[in-house]
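Quick notes on the structure that follows.
The values are calculated or read from the model by the stated rules, or taken from the named source; none is laboratory data. If you're wondering where the values come from, they're calculated on a predicted model, not measured in any experiment. No Cβ is skipped: glycine too gets one built from the backbone with ideal geometry, and neighbour counts run over all protein chains shown.
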Amino acid sequence: MTQIELRNIVKQYDSQDQVTLTGYKGEPALNRINLTINDGETLSVVGPSGCGKSTLLKVIAGLEYPNSGQVIYSGHDFTEIKPQDRGVGMVFQDYALYPTRKGRGNLSYFFEVHQRTEEEEQARIKATADLMGVDFDLLLGQIPDTLSGGQKQRVAIARCIVRDPNIFLMDEPIVNLDAKLRERTRIEIKKLLRQFGITTIYVTHDQQEAIFMGDRIVVMRKGNIEQVGTFDDLYYSPANLFVAQFIGTPPIAVIPAVIENGQIAIETTRWMLPPDIALPNGAVRVGVRPEGWRLDTDDGISMAVRHIERIPTERAAFVIGAVAGAHTSIVAPVDYPMREVTRVTPDWEQALFFEAEGETVLHTPGVPDLF
Amino acid sequence: MALFPKVGRNQPRMRAAWWVLVIFLCGGVALHLFPFFYMIALSVTPAHEALSPTPVIWPKEPTLAAWRLVFELTTRTSMDTAVRDLMSFPFYVYLSNSLFMALMTLLISLPVTSLAAYANSKLQRGPMARWSFLFFIGTLMVPGVVTLIPSFLMTRNFPFPLPSAPLIPGTDDPFPILRIWDTPWAVIIPGVFNAFNFLLFKGFFDTIPDSIIQAARVDGGSEFNIFRRIVFPMSIPVYAVASWLQFGSVWDSYLWPLVVFQTPDRIPTSVAISNLMNRFIQAGSTSAQQAAAQTASMREILEAGLSWNGLMVLGLLQTIPIFIMFIICREYLMRGIRLRGLK
């Protein structure tokens, strides 16, 4: 089994559109990345597009070599090792099936280039087909172009697991599927990962997927790792404003406020802060999660309601509007009546506090003790 | 029919436009086929009629005499000495020269060009890739005629494009040279790298997603294995197009073989036919005696039934290999399209 460690990885992008005749334009795709992925762990990597998460995966796979820094596999320096010799299995966003080979041919390429015996190849393909489900044999006889998206994706995953890889690398493997299929495939992949217990890095831009797949989650932005941790870590004690805003749907409401001698004021409305939140006087910004509000309070600030989004399956609704000019969503009972204006109060125990300018976190509630 | 939408094709205006388009395209087809038809018509025209100043669309009395004569001429079996001496060697000699040069060029040039394009498209990175791409296609921007004389000198003293090989510094001995002048290699070697085919291959390889090659790398394939097992099967249609273009250009090349070949039994068909034509049209000479002799032999040839009609027969013979090549390549082209799916 494999533990992966990245030390000070710097990668300057050199895809075609980044290259001019004299050099590169743009920032490095990875900027001094340090990261450890434990043996058997599934690590999700999320971030907005262009944040370097795919590049991170390629550096781990050896498809891109870092400009500086080290890639360590189980204590061995693999920085200069070719991808051919790393023994990784990778699933690509566009599946990357070999178009001229049938499903079986896609699976057998690994055995052909490694001079394995025909028997081993057949046995492994059969074992993989059994693992992938009853109708998988049908896909093996078809050219990739005749397969649907979901089928292609299954062949791609089978191609990845047929060789018994040291690590799985998944680059947004299910982003091209429709919503329903995505849901199902997500569960299937999770099941497979649990079955194998192989170190996995799962890149996605969908935080729901990241939460579902990953034991830990990495949030990236512009080539930097902003925070690594479990979902609760990221949600309740984000490292900065970016993480707080990126994690959570609907997003956190960030409202300018002023603290004065244990009192907090948003616009002209004032509240007493709980005594355990000790913050210096001055301007701050308050971050309140959708579930961190109390509705219809007497001392509340007025909120202009834009609309109410009801989710019957969750027996809940989101009241969407603006508090002090900031976009705000609030969880409410599903039968919450529509009205123009309502009065709301942040639950100060759950609120996050940020600097008035910049992204630094002043106070977070921390992970709640649920049990 | 991508030109015309299927929806609403039955509307009167659409139908009228459709037929206008059909007629226009038919005109285009006729325009392209007419020279070919004229060649065939002239090849079955009697010699005297072929010489008449009014153009012959279809002869009054079609005859295969020219074909028979050309057969005798090309196999040098004619009883008539004047006809027999028109060509110094049987036609198959020239044909095999041409074939050898064309196939040899294909055999060397396709791997070289396609691997260069693959390397430039998928293996080279960064500014270096851009520079080498510009360098390679830059050869397209120099007209062939400009490099004619340096190339000629180069075939004399390969690899120096100089009138004579330079001396090794400090000695009186010249550098060793390879004289490829007057050999088929003088035609084959300059054709080894074909910038246009490079562009064709590069354009295709650029459309192959990087992820496929990366997937193959992760699977453990060496770079050459990936090319051979994954990329090459995908590229068959491009190879078909490239080989057809290359074959045609070598087969039809005239000026360069004319420059580099001296020995009469080494020339390709294009030069041989043009030599023959020259003997028809420029029966001029410096001495009256020679001129008279030439005129006499010309008359004899004409009486034997050979004039432009014979040249047309030779011209048709010259086109046949390109036609065959096209049919072969077309088959692969179609197969490739079926394999990859038309999207």
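State whether the residues of region B:203-215 include one that is away from chain A (no Cβ under 14 Å), surrounded by fewer than 18 Cβ atoms within 10 Å (Cβ to Cβ), assigned to a helix (DSSP H, G or I) and β-branched (Val, Ile, Thr).
Filtering region B:203-215 for residues away from chain A (no Cβ under 14 Å) gives none.
Checked against the condition, which is being away from chain A (no Cβ under 14 Å), surrounded by fewer than 18 Cβ atoms within 10 Å (Cβ to Cβ), assigned to a helix (DSSP H, G or I) and β-branched (Val, Ile, Thr), region B:203-215 yields no hits at all.
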Quick one: which helices (runs of 4 or more DSSP H) lie wholly within region B:46-128 and hold at least 2 residues that are over 18 Å from B:Glu300 (Cβ atoms)? B:65-75, B:91-118
If you check B:Asn157 against the conditions, is it under 19 Å from B:Gln246 (Cα atoms), at pLDDT 85 or above and either exposed (fewer than 13 other Cβ atoms within 10 Å of the Cβ) or more than 14 Å from chain A (Cβ to nearest Cβ) (or both)? no
When A:Asp85 is evaluated against the numbered criteria (1) crowded, with 18+ Cβ neighbours inside 10 Å; (2) at the interface with another protein chain (Cβ under 8 Å from one of its Cβ atoms), which criterion, by number, is the only one it fails? (1)
Looking only at region A:220-240, and only at residues there that are within 25 Å of A:Glu349 (Cα to Cα) and of a type in the set (A, V, I, L, M, F, W, C), the one that is surrounded by the most Cβ atoms within 10 Å (Cβ to Cβ): A:Leu234
Does region A:215-235 contain any residue that is small (Gly, Ala, Ser) and touching a residue at least 24 places away in the same chain (Cβ under 8 Å)? yes
Quick one: in region A:102-112, of everything that is surrounded by fewer than 20 Cβ atoms within 10 Å (Cβ to Cβ) and in contact (Cβ under 8 Å) with a residue 24 or more places away in the chain, which residue is nearest to the other protein chains (Cβ to nearest Cβ)? A:Lys102
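Conditions tested, residue by residue: (1) free of Cβ contacts under 8 Å to residues at least 24 places away in the same chain; (2) surrounded by fewer than 12 Cβ atoms within 10 Å (Cβ to Cβ); (3) within 31 Å of the chain's Cα centre (by Cα); (4) outside the structural domain of A:Val254 (by TED's automatic domain parsing).
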position: A:Pro275; (1), (2), (3), (4): yes, yes, no, no
position: A:Pro280; (1), (2), (3), (4): yes, yes, no, no
position: A:Val286; (1), (2), (3), (4): no, no, yes, no
position: A:Ile301; (1), (2), (3), (4): no, no, no, no
position: A:Ile308; (1), (2), (3), (4): no, no, yes, no
position: A:Pro312; (1), (2), (3), (4): yes, yes, yes, no
position: A:Arg315; (1), (2), (3), (4): yes, yes, yes, no
Can you spot a residue in region A:182-198 that is surrounded by 24 or more Cβ atoms within 10 Å (Cβ to Cβ) and either of a type in the set (Phe, Trp, Tyr) or not in a helix (DSSP H, G or I) (or both)? no
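Matching residues to (1) surrounded by 24 or more Cβ atoms within 10 Å (Cβ to Cβ); (2) away from chain B (no Cβ under 14 Å):
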position: A:Gly50; (1), (2): no, yes
position: A:Thr55; (1), (2): yes, no
position: A:Gly69; (1), (2): no, yes
position: A:Gly75; (1), (2): no, yes
position: A:Phe78; (1), (2): no, no
position: A:Ile81; (1), (2): no, no
position: A:Met90; (1), (2): yes, no
position: A:Gln93; (1), (2): no, no
